[in-house]
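**Student:** Dumping the structure here so I can ask a few things about it.
The values are calculated or read from the model by the stated rules, or taken from the named source; none is laboratory data. Quick caveat: nothing in here was measured; it's all calculated off a predicted structure. Glycine also receives a Cβ, built like all others from the backbone with ideal geometry; neighbour counts cover every protein chain displayed.
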Amino acid sequence: MPVIVKCLKIAAAIVVVLSGCTEGPAYQEAVATQSAIPAGKGRIAVFRTQQVQGFGVKPAVLVNGLPTGKCEVDSVFFVDVPPGQHTVSASTMETSVVRVNVAAGQTTYVLCTINVGAVMGVVQLVPVSAASATPKMNELVFTGQY
């Protein structure tokens, strides 16, 4: 294999790895300035931790059909919603849909993962408990509140 082809493959791999980087304040820093859950609303926290597979895949996340943020490596974002049942979805080659029940003044957590697919990563959304999500939050980048 010619040297130029090897160099191009290495350069492409570097671009793919760097495309997975997330910018923003650390969640620990953002907590101090983050607004409280508004009266009469609940909050959905969508987060993704470090994964090797699907590193560059960042699908848009929709809540009740409206775009709210992206499922990015090592990141978390919040969506404030009225109490009740809400639909959270994201798509790559397949669509993952979960329904979560949100209580007023409470946060509901949804973990986003990317699994190995035939052509590209396949997104999977899973509701998780606060006890499971909270320890992971301090290692993430806060990407916004919607």
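**Student:** Restrict the check to the stretch 91-101 and report whether at least one residue is among the charged types (D, E, K, R) and under 19 Å from residue 137 (Cβ atoms). Don't jump to the end; show me each part of the working.
**Tutor:** Initially, the stretch 91-101 is screened for residues among the charged types (D, E, K, R), giving 94, 99.
In the following step, the residues that additionally are under 19 Å from residue 137 (Cβ atoms) were identified as none.
The answer is no, given that none of the residues of the stretch 91-101 is among the charged types (D, E, K, R) and under 19 Å from residue 137 (Cβ atoms).
**Student:** I'm checking my understanding of the structure. Among residues of the stretch 89-113 that are of a type in the set (A, V, I, L, M, F, W, C) and not in a strand (DSSP E or B), which one is surrounded by the most Cβ atoms within 10 Å (Cβ to Cβ)? Before you say what the answer is, go through the steps one by one.
**Tutor:** Restricting attention to the stretch 89-113, the residues satisfying the condition of being of a type in the set (A, V, I, L, M, F, W, C) are 90, 93, 97-98, 100, 102-104, 110-112.
Next, only the ones that are not in a strand (DSSP E or B) stay: 93, 103-104.
Details: 93: 12, 103: 11, 104: 14.
Within the stretch 89-113, the match that is surrounded by the most Cβ atoms within 10 Å (Cβ to Cβ) is 104.
**Student:** So, one more: For residue 126, work out the one condition from (1) loosely packed, with under 14 Cβ neighbours inside 10 Å; (2) modelled with pLDDT of 90 or more; (3) more than 12 Å from the chain's Cα centre (by Cα) it doesn't fulfil.
**Tutor:** Checking residue 126 against (1) loosely packed, with under 14 Cβ neighbours inside 10 Å; (2) modelled with pLDDT of 90 or more; (3) more than 12 Å from the chain's Cα centre (by Cα), the one that fails is (3).
**Student:** Can you tell me which condition residue 23 does not meet? The list is (1) surrounded by 11 or more Cβ atoms within 10 Å (Cβ to Cβ); (2) at pLDDT below 60; (3) more than 19 Å from residue 120 (Cβ to Cβ), and all the others hold.
**Tutor:** With (1) surrounded by 11 or more Cβ atoms within 10 Å (Cβ to Cβ); (2) at pLDDT below 60; (3) more than 19 Å from residue 120 (Cβ to Cβ) applied to residue 23, the lone miss is (1).
**Student:** List, please: which pairs have Cβ atoms under 6 Å, are six or more places apart or on different chains, and start with a residue in the stretch 135-146 that is under 18 Å from residue 80 (Cα atoms) and end with one that is at pLDDT below 80 and not polar (S, T, N, Q)?
**Tutor:** 137/27; 142/24; 142/25; 142/27; 142/30; 143/24
**Student:** Continuing with the same structure: When you check residue 142 against the structure, is it part of a strand (DSSP E or B), closer than 27 Å to residue 35 by Cα and at pLDDT below 90, yes or no?
**Tutor:** Considered against the rule, which asks whether it is part of a strand (DSSP E or B), closer than 27 Å to residue 35 by Cα and at pLDDT below 90, residue 142 comes out as yes.
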